[in-house]
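A quick write-up on the structure given underneath.
The values are calculated or read from the model by the stated rules, or taken from the named source; none is laboratory data. Please read all numbers here as calculations on a predicted model, not as lab measurements. Cβ coordinates were reconstructed from backbone atoms using ideal geometry, including for glycine residues, and neighbour counts include every protein chain displayed. Only protein heavy atoms, including side chains, enter the accessible area calculation; ligands, DNA and RNA are left aside. Shrake-Rupley method; radii C 1.70, N 1.55, O 1.52, S 1.80 Å.
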Amino acid sequence: MEDEDPASGGSPAASPPGTPEGTWERGGRSLNSAALAGLLGVGVIYFYGQSFVVTIAVLATTGREAFAGQTEGLFKHLITIAELTKTPIRVCLIVTQFAFMLLPTLWLIRRWHTADVRSYIRLRRCSPSQLALAVCAIAFLFPVNIVVSEFFESRLNIPEKLLRINETLFTASGAGELAFVILAIAVTPAICEEILFRGYVQRTLERTIGWKSVVVVGILFGLYHMQPLGLLTLSGLGLVFGYFYYASNSLLPGMAAHFTNNLLVVVWLYIVKTDALGSFHLTTGAFTLLASIALPSAALSLYLFHRVSTKPQTPAG
Amino acid sequence: MALAATGSGGAFAIVLMFLAAMCLGAFLFIRWALAFTVIACEDHGVLESFKRSWGLVSNRWWRVFGILLLMGLLVNFAIFLLTAPFTFIAMWGFYREYFSALSSAGTGQPDPTLMGKAMASMGPAVGLSMALNMMLSTLTKPVYMTVLYFDLCARKKEADAAYRSLPSEHQGDQPFRSLPEGRE
């Protein structure tokens, strides 16, 4: 089973000829175990490291205010804390994603698999049409994701104020802040998470289980975010990003799609916050209508992506 | 003033005693961590297995501590990822009631019965979710404890004896070897 490498034309090798192999490859150990151990190891470093850094940053910013009496009411207190801590948390997100997610992943690939990290993670060019179709598909899926999220939120009766507090981290109120939020919420995860999930875990699993790695890593991507309400949409997005990676043999379409999705969230929240649309408001009903139009468009984009990514079969296979 | 000083001194002493007890507890926990594995692998009695675990861990306390800490973090993280959706589904009713209570608190007219309803909504599904969690951790721990046991035996040059003490059906075709001299 582990000798197959469907995505790379049947060759099980991790490195191009002449590149030194890593310790895991030389030992001929299980690639599935490497992917699992890598995902869990990086996960532990990232989540515990991030929790520690964010706790320190929040305490340093708020001091005793975080534990002060809630004389103004619970929500007002939470809003004050969220506003005070949003910038340090954003900085922590950028630093910890690069330091505790990206660096350990690159180190693991270099040590366990190959010195040619760039080839391993498939950081290579793809066609402009693949990039454009990946971006279009994700843009069309955006209203669908909003409708699904709102459905769960309404079913759980989550107070509106609590949702707004939760969105503080992703919401910018000016152009400068918007650029910073895009860096923290759209650019950084598109690089770090794509290299861990698609570049390492999916790439390693692909060598043993082929296309099934798209499904496995897509679900793991949803679970990894630890957002039960977003599990369905995040797993769906993970599947689509994984498919882009699998079909195009390149990390770039997935990165572009991931960036687009997060960018749309940030820009949408910015528009709502700054009231840029004026009196024009999209109701849940309007979003549902939009989603019902956007879903077939997303499916069409995915189909076209599949068409442009399918390589013509030569007689030799 | 004197009373206040005595009070703060007493509190300080209690904190110190608590910390000392924590350290002692951690020390003994690691020293005796392999007792159950020894019972299973070597078929010793209870007291003897604790003595054996003490001996295996001697001079390697920090190593065992590090491995157990790391494995604990890794296994808990994996179990959390796997069981989170089940827990969320099991807790759905609770969350719904909880958020309703929170919404009504925001309006200034909290409904005192809502928290009771929230607690009541935690039905058998929560128990099933906890059982799944416990089952996974109970299944995983013996695996890495057994690997750790054989690792420590090999480092003490006792792996062959430990391996031979296993029931014959649990021994493979190839003999198990302790680490060669000079290798740690």
Q: Calculate one ³J(HN,Hα) per residue across the stretch B:25-37 by plugging θ = phi - 60° into the Karplus curve 6.51 cos²θ - 1.76 cosθ + 1.60, and present them in order as whole Hz with x for glycine and proline.
A: x, 5, 4, 5, 4, 6, 4, 9, 4, 8, 4, 5, 5
Q) Just how much of B:M122 is accessible, in Å², when a 1.4 Å probe is used and the result is rounded to the nearest 10? A) 70 Å²
Q | Directionally averaged projected area (convex hull, Cα atoms, the stretch A:28-309), nm² | A | 16.2 nm²
(Q) Can you tally the net charge around B:I39? Count Lys and Arg as +1, Asp and Glu as -1, for every other residue whose Cβ sits under 10 Å from the Cβ of B:I39. (A) -2
**Q.** Long-range amide H partners of A:T114 with built H, under 5 Å
**A.** A:G22
Q) Working out 0.36 nm times the residue gap between A:S51 and A:V267, then minus their Cα-Cα distance, what length gain in nm do you get to one decimal? A) 75.1 nm
Q. Carbon and sulfur: what percent of the stretch A:28-309's accessible surface (1.4 Å probe)?
A. 69 percent
Q: Report relative contact order for chain A in percent, whole number only (criteria: Cα-Cα under 8 Å, sequence separation at least 6).
A: 28 percent
Q: Could you sort the residues of the stretch A:203-222 by number and keep only those whose accessible area is reduced by 20 Å² or more in the all-protein-chain setting relative to the chain alone, 1.4 Å probe?
A: none
Q.
Summing both sides, how much accessible area is buried between A and B? Use a 1.4 Å probe and give Å² to the nearest 100.
A. 1800 Å²
Q. In the full protein assembly as shown, how much of A:S119 is accessible to a 1.4 Å probe, in Å² to the nearest 10?
A. 40 Å²
Q) When ranked by the protection proxy of mean other Cβ atoms within 10 Å per residue, highest first, what sequence do the peptides A:34-44, B:20-30 form? A) A:34-44, B:20-30
Q. Taking only pairs that are 8 or more places apart or on different chains, how many Lys pairs in chain A have Cα atoms under 23 angstrom apart?
A. 7
